Amino acid sequence: MNEALVSLAGVGKRFDGGVQALADVSLQIAPGEFVALLGPSGCGKSTVLRLAAGLDAPSAGRIDSPALRSASADTAFVFQDATLMPWASVADNVWLPLRLAGQSRAQARPRIEQALATVGLSEFAAAFPNQLSGGMKMRVSIARALVTQPVLLLMDEPFAALDEITRQKLNADLLEAWRAQGMAVLFVTHSVYEAVFLSQRVLVMSARPGRIVAELAIDAPYPRDAAFRRSPTFVEACAALSAALEAAHA
């Protein structure tokens, strides 16, 4: 467990209402690794993220993660909704975590500009959320996470509400940011195709109470482009994961 950035060992989670969300979940994520978490609705994928982020406590088992070892901004969380402040500019939305950490706008400006450049929004720093498309709002949310330069990025279906073309573009942009910053990513998705395109490993969860029932390594180099989606490796991995997901539903 000491070599992993994130470790869950025999973790269970029962909520106050009696719902058993997770049972005996064990997983490890290495520094700099990109891992996708795939499973049926309600299987506890988001609960795993919240436990890794220190937002919830397990009912059983052990967890080790940056959020539990340090009070610094080593962990960033991107939710399915962009959750932007509508009254604040794009730059000020990205500034938020640094402002909460005590940095003035002037002190934070270089990192804000870098984060916006990473997601391709440098020209929209002064815009407001109501002037942005859904995909652009999600880019702002990702920039807000990247500005803290986290060692762990947790993403809870961030592209689920977007059209396929926008989703594929943001997938590619996310991989560029991941490779540039060297952070570990735990990415929750319902999409087999997204999981295969993004990840080095995909973990498949069973229906509730969730547990890890399958693991697949995606043996394909980066960078990955549109051609990868048509490759035998991609097709075979998608087929294997689809079969594992059907078994998890059952």
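The values are calculated or read from the model by the stated rules, or taken from the named source; none is laboratory data. Bear in mind that the values here come from a model prediction, so they are computed numbers and not experimental data. Positions of Cβ are generated from backbone atoms using ideal geometry, with glycine treated the same way; all protein chains shown enter the neighbour counts. Remember, those area values only see protein heavy atoms, side chains included, never the ligands or the DNA or RNA. Shrake-Rupley method; radii C 1.70, N 1.55, O 1.52, S 1.80 Å.
This model, with +1 at the C-beta of Lys and Arg and -1 at the C-beta of Asp and Glu, gives the chain a dipole about its Cα centre of some 400 debye.
Note down, for the chain, the three equivalent ellipsoid semi-axes (square root of 5 times each alpha carbon gyration tensor eigenvalue), biggest first, whole angstrom. Write out the running numbers ahead of the final one.
Details: eigenvalues 170, 101, 53 Å².
Working through the eigenvalues yields semi-axes of 29, 22, 16 Å.
Taking one equal scatterer on every alpha-carbon of segment 160-230, how large is log10 of I(q)/I(0) by Debye at q = 0.20, 0.23, 0.25 1/Å? Normalising to I(0) and taking log10 leaves -0.93, -1.17, -1.30. The slack in the chain from residue 79 to residue 41, taken as 0.36 nm per residue of separation less the alpha-carbon distance, amounts to 12.1 nm. Could you tell me the distance between the Cα centroids of segment 44-59 and segment 182-199, to the nearest Å? What the calculation gives is 18 Å, centre to centre. In plain terms, the C-alpha convex hull of segment 108-250 casts an average shadow of 9.5 nm² when viewed from every direction.
Within the chain, the selection of entire DSSP H helices by a Cα span of 15 Å or greater along the long axis and an average Kyte-Doolittle value of at least -1.0 returns 90-100, 105-118, 134-146, 164-181, 232-249.
Spin-label pair residue 229-residue 15: with each label point 7 Å from Cα along the Cα-Cβ axis, the two points sit 3.4 nm from one another. Annotation: lysines with alpha-carbon distance below 18 angstrom to residue 169 (same-chain offsets under eight excluded): 137. What's the Cα-based Rg to Rh of segment 120-184, Rh via Kirkwood? Rg/Rh: 0.95. Other residues whose C-beta falls under 15 angstrom from the C-beta of residue 219 contribute a net charge of -1, scoring Lys and Arg +1 and Asp and Glu -1.
Dipole size of segment 29-84 about its Cα centre, with +1 on Lys/Arg Cβ and -1 on Asp/Glu Cβ: approximately 120 debye, rounded to the nearest 20. Nonpolar atom fraction for the chain, defined as the carbon and sulfur part of the 1.4 Å probe accessible area, stands at 52 percent.
Each principal axis of segment 203-250 carries a Cα extent, and these read 37, 16, 13 Å when sorted largest first.
Accessible surface calculations at 1.4 Å, restricted to protein heavy atoms, place segment 1-98 at 43 Å² per residue. Charges were assigned to the Cβ only: +1 to each Lys and Arg, -1 to each Asp and Glu. The resulting dipole of segment 1-136 about its Cα centre is roughly 200 debye. A 1.4 Å probe over all protein chains sorts 14, 111 by accessible area into 14, 111, starting with the largest.
Based on every Cα atom in segment 1-135, Rg and the maximum pairwise Cα distance Dmax equal 17.9, 49 Å.
Based on the convex hull around the alpha carbon atoms, segment 71-136 presents an average projected area of 4.8 nm².
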